[in-house]
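The values are calculated or read from the model by the stated rules, or taken from the named source; none is laboratory data. Because the structure is predicted, anything quoted here is derived from the model rather than measured. Neighbour counts run over all protein chains shown; Cβ positions are idealised from the backbone, glycine included. Please note that ligands, DNA and RNA were not included when accessible areas were found on the heavy atoms of the full protein model with its side chains. Shrake-Rupley method; radii C 1.70, N 1.55, O 1.52, S 1.80 Å.
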Amino acid sequence: MSNIFSGGGHDLDLSNGATAVFIDVLMLAVSGLASEEWDLRFAALLPLQDRTAMGRGAVGFDLAEFDWGTTERERARAKDFVPRATALAASGHRWSELGYHPPRVHNYLHRFTTMVESCVPPAESSAARGLPGPHEAAMASCARHRVLSALPLWDGCFLCNRPHP
């Protein structure tokens, strides 16, 4: 069973290990850029893709199911945030803190960027559809690692809760 992320007519089909790598590097970048409520809601969605926190089963999301905003300006701003975060992740932002070299992640990030750029946010969005709601936004940051936390799932960030070999 694999984890499927989709949008704009494209799919990113990843194993659990590949998903963990993809989410790790993206979470470091999102934590560095998030400044608006939508960004924090997207940041809350990412740790929900971690099997360590969520248990057994498949994860993934469809970008077409996101609440991108109610106005054209909100949708454009939200849609711009994801490729900026993905580009920051692809630059190797804070990878030294991972404790491993993320293999093949550039390919995943490139394909994800293509998905986002191809996605047309729906003009009619129901509140919190596809994303955690405003009251579930990732507003807590791990003081040690400066990474947005998946509270209440974890007491710290994904780096604090990563199993050590």
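Considering segment 73-102, the residues that are without any contact (Cβ under 8 Å) to a residue 12 or more places away in the chain and part of a helix (DSSP H, G or I) include one that is most open to solvent (accessible area, probe 1.4 Å), namely Arg73.
Return yes or no: is Gly99 of a type in the set (Gly, Ala, Ser) and either modelled with pLDDT of 95 or more or over 16 Å from the mean Cα position of the chain (by Cα) (or both)? The answer is yes for Gly99.
Just for segment 44-63: of the residues that are among the aliphatic types (A, V, I, L, M) and modelled with pLDDT under 90, which one is most open to solvent (accessible area, probe 1.4 Å)?
Let us first name the residues in segment 44-63 that are among the aliphatic types (A, V, I, L, M), namely 44-46, 48, 53-54, 58-59, 63.
Okay, now just the ones that are also modelled with pLDDT under 90, so 44-46, 48, 53-54, 58-59.
On the way: Ala44: 13, Leu45: 12, Leu46: 0, Leu48: 58, Ala53: 31, Met54: 80, Ala58: 58, Val59: 19 Å².
For segment 44-63, the residue satisfying everything is Met54.
Taken over segment 80-94, the criterion of being of a type outside the set (Gly, Ala, Ser) and at pLDDT 95 or above is satisfied by Asp80, Phe81, Val82, Pro83, Arg84, Thr86, Leu88, His93.
Residue count for segment 8-48, restricted to those that are assigned to a loop (DSSP other than H, G, I, E, B), closer than 14 Å to Phe81 by Cβ and in contact (Cβ under 8 Å) with a residue 60 or more places away in the chain: 1. Every condition in (1) modelled with pLDDT under 90; (2) surrounded by 18 or more Cβ atoms within 10 Å (Cβ to Cβ); (3) in contact with an Asp or Glu (Cβ under 7 Å, 6 or more places away or on another chain) is met by Ser2 except one, and the failing one is (2). All of Val147, Val105 fail the test of being closer than 22 Å to Asp11 by Cα, surrounded by 15 or more Cβ atoms within 10 Å (Cβ to Cβ) and at pLDDT 65 or above, apart from Val105.
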